[in-house]
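K.L.:
Pasting in a structure now, in structure tokens, and then I'll have a few things to ask.
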Amino acid sequence: MSLKISISGAAGRMGQRLIACAAADEDLTVVDAIDRSEHPSVGSDAGLVAGSGESGVNIGSEYCGESEAVIDFSTPDGAKLAIEYCVANKCPLVMATTGLEENDIAAIKSAAETIPVVWAPSMSLAVNLMMKVTEFVGTALKDLDGGVDVEVIERHHRFKVDSPSGTALKFGQIVGDAMGLTHQQHGREGVIGQRPRNEIGYHAIRAGDDPGQHTILFGMLGEKIELHVAASNRDCYALGALAAAKFVAKKTAGLYNMFDVLGLSDGQV
Ligand SMILES: NC(=O)C1=CN([C@@H]2O[C@H](COP(=O)(O)OP(=O)(O)OC[C@H]3O[C@@H](n4cnc5c(N)ncnc54)[C@H](O)[C@@H]3O)[C@@H](O)[C@H]2O)C=CC1
Ligand SMILES: O=C(O)C1=N[C@H](C(=O)O)C[C@H](O)C1
């Protein structure tokens, strides 16, 4: 039986790749292609907009009510509507939108009390594996004599609106927890003095059409480690989100992440 899914943010860069990748998966059927009502593609066939051929589903702003999982790659406003729809209709949710505020995050956690939710800033296998490696390296270097300076450097396309990326913030949280680093420093300018020991530096580069790269730099005295992960295109995120939809559709209420989907949770690796 094919799983019926809804895509929120369907006319966007990620939405189009989700529509195209889902069309190539016989275990999935897209029943809703949701976008904001003012979007110029509303009323057009979602598959034609995505360049993957006619799908028979037009982009619209109302859910049809048949969905067995909603995938949201939109904006904080779109995410809010997706959460409200899923809670009201007891529908499993995959939340991929970044740049969320505290109240949005509270809404995700509250939703997970009644429906299953997968929430992750990156649906990529490689990124999630690198999070595990980052935790390992951070833990190993925690008490190193001479100290270790951690910098998180991310690169994305010029169209990205949130900064730093949700993934960079997650890398920072992981390495901060592992190493006991408490201060977040976003860029540096002026005569600000020597680098304090307890900070994580974040640097967000915006250039061209880059689909996403993250580097975690561990700077020591005499040597350094740079962990680097880069997307070649957006399908790593789309395919991860579709796997998350299949996962979440079988789960009971609760908050899950991509470690759960990929079998990378503690005790599984
Ligand atoms: N977790 C992950 O693996 C990834 C997350 N993202 C995140 O996904 C989000 C979308 O990224 P892109 O596709 O590049 O952006 P985009 O700007 O190309 O697409 C967003 C789409 O959402 C639509 N939208 C706006 N309001 C809406 C509403 N109320 N309901 C439904 N749709 C609405 C927009 O009209 C647009 O078509 C961003 O927050 C981005 O950071 C992007 C890639 C991977
Ligand atoms: O906006 C993007 O493109 C991406 N956003 C996500 C983030 O903010 O971490 C994930 C990925 O890096 C692509």
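K.L.:
In the stretch 74-133, what residues are within 15 Å of the chain's Cα centre (by Cα) and among the charged types (D, E, K, R)?
P.N.:
Of everything in the stretch 74-133, those that are within 15 Å of the chain's Cα centre (by Cα) and among the charged types (D, E, K, R) turn out to be Glu101, Asp104.
K.L.:
Given the criteria surrounded by fewer than 18 Cβ atoms within 10 Å (Cβ to Cβ) and acidic (Asp, Glu), does Glu102 qualify?
P.N.:
yes
K.L.:
Quick check: anything in the stretch 153-161 over 27 Å from Cys21 (Cβ atoms) and more than 10 Å from ligand 2 (Cβ to nearest atom)?
P.N.:
Scanning the stretch 153-161 turns up at least one residue that is over 27 Å from Cys21 (Cβ atoms) and more than 10 Å from ligand 2 (Cβ to nearest atom).
K.L.:
Would you kindly identify the strands (runs of 3 or more DSSP E) lying entirely within the stretch 76-160 that contain at least 1 residues that are assigned by TED's automatic domain parsing to the domain that holds His203 and either closer than 30 Å to Ile225 by Cα or within 15 Å of ligand 1 (Cβ to nearest atom) (or both)? Walk me through how you get there before you give the answer.
P.N.:
Values: elements: 93-95, 116-119, 149-156.
By residue number, 149-156.
K.L.:
While we're here: Check Arg197 against each of (1) modelled with pLDDT of 95 or more; (2) surrounded by fewer than 17 Cβ atoms within 10 Å (Cβ to Cβ); (3) farther than 24 Å from Met258 by Cβ and name the one condition it does not meet.
P.N.:
(1)
K.L.:
Which one is farthest from ligand 2 (Cβ to nearest atom), of the residues in the stretch 106-145 that are more than 16 Å from Met95 (Cα to Cα) and of a type in the set (Asp, Glu)?
P.N.:
Asp145
K.L.:
Residues in the stretch 176-195 that are in contact with a strand residue (DSSP E or B) (Cβ under 8 Å, 6 or more places away or on another chain) and on the phi > 0 side of the Ramachandran plot: how many?
P.N.:
Going through the stretch 176-195 one residue at a time, the tally reaches 1.
The values are calculated or read from the model by the stated rules, or taken from the named source; none is laboratory data. Bear in mind the structure is a predicted one, so any value in this text is a computation, not a measurement. Neighbour counts are summed over all protein chains in view; Cβ atoms, including those assigned to glycine, are modelled from backbone coordinates with ideal geometry.
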